[in-house]
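These notes concern the structure reproduced below.
The values are calculated or read from the model by the stated rules, or taken from the named source; none is laboratory data. Being a predicted model, the structure only gives us computed values, none of them experimental. For neighbour counting, all protein chains shown are included, and Cβ atoms are generated from backbone atoms with ideal geometry for every residue, glycine included. We work out accessible area using only protein heavy atoms, side chains counted, and drop any ligands, DNA or RNA first. Shrake-Rupley method; radii C 1.70, N 1.55, O 1.52, S 1.80 Å.
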Amino acid sequence: MAKTFSRPKAMDRLLSSIREATFTGKVLVADDSEKYWSTHDPQVEVLQLPFNVGISAGRNRALERVETPYVLLTDDDFVFTRLTNWQKAYNYLETHPDVDGVAATQVEVPTFKTHIHGTSDLALYRGADKPIYEAGHDLYGLPVRVKTPNIFLARTESIRSIGGWDEELRVIEHSDFFSRASGKLVFVQDPEIQIYHGRTPWLKTFSKHRNDIESSRQVLARKWGPQQGNL
């Protein structure tokens, strides 16, 4: 499932890369753009949401429509490659039922710098439950991450068990999700499953609303107190 907002070309690129990576199944797209994205792909369902309802609400609406045991979360600015091997993640989860999700390794474009999240508990908000495993713990050959990029394959019921994403957070929902998951869910990251991340700072409509974070900051302050670490 993918969340998109005012980035139709990025969404086109994502879908094209998904299909080129040989995944031919159903794709759920939650779209709260002013002009909804569309495609001729019969295996894509676009959920047309109220304008700028936010990342969390969009993901939750898509999650409600998932009917499979696993869900693949992605944003619209990712690009799948031949190294985005989700079959490997699926096999890992099938073999290890005590793990809830496997994240890809995010490679920034154009720098090609590998971006690693969640290598210490400082990635979580103060007050989060203690993680089941410490960050970096080797779990069946992969490192545990207390927070991962927003690109992972996870057990659908695991994500539902923590209530998905907090819909009061239109943006900057990332650390809140993993702080609430801490002590309940276990995520690992596979360095061999790589995905490109192409940011779009030049898109005015997207940037205007994506950077409008004050109301979400207030929600986080109420929930967690003074902010810690990376939002």
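Worth a mention:
- Taken together, the residues in the range 34-59 that are assigned to a loop (DSSP other than H, G, I, E, B) and buried (at least 21 other Cβ atoms within 10 Å of the Cβ) amount to 2.
- The condition of being in contact (Cβ under 8 Å) with a residue 24 or more places away in the chain, more than 24 Å from I193 (Cα to Cα) and surrounded by fewer than 16 Cβ atoms within 10 Å (Cβ to Cβ) holds for only one of R82, R65, that being R65.
- Number of residues in the range 105-125 that are in contact with a helix residue (DSSP H, G or I) (Cβ under 9 Å, 6 or more places away or on another chain) and either open to solvent by 70 Å² or more (accessible area, probe 1.4 Å) or more than 12 Å from S182 (Cβ to Cβ) (or both): the value is 1.
- All positions within the range 85-104 that are out of contact with any helix residue (DSSP H, G or I) (no Cβ under 9 Å at 6 or more places or on another chain), touching a residue at least 60 places away in the same chain (Cβ under 8 Å) and more than 19 Å from F23 (Cα to Cα): D98
- Search result, residues across the range 82-98 that are part of a loop (DSSP other than H, G, I, E, B) and under 17 Å from the mean Cα position of the chain (by Cα): T84, N85
Residue by residue, here is whether (1) in a helix (DSSP H, G or I); (2) at negative phi; (3) surrounded by 19 or more Cβ atoms within 10 Å (Cβ to Cβ) holds:
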{"residue": "G127", "(1), (2), (3)": "no, no, no"}
{"residue": "P131", "(1), (2), (3)": "no, yes, yes"}
{"residue": "E134", "(1), (2), (3)": "no, yes, no"}
{"residue": "T148", "(1), (2), (3)": "no, yes, yes"}
{"residue": "E157", "(1), (2), (3)": "yes, yes, no"}
{"residue": "E167", "(1), (2), (3)": "no, yes, no"}
{"residue": "D190", "(1), (2), (3)": "no, yes, yes"}
{"residue": "K208", "(1), (2), (3)": "yes, yes, no"}
{"residue": "R217", "(1), (2), (3)": "yes, yes, no"}
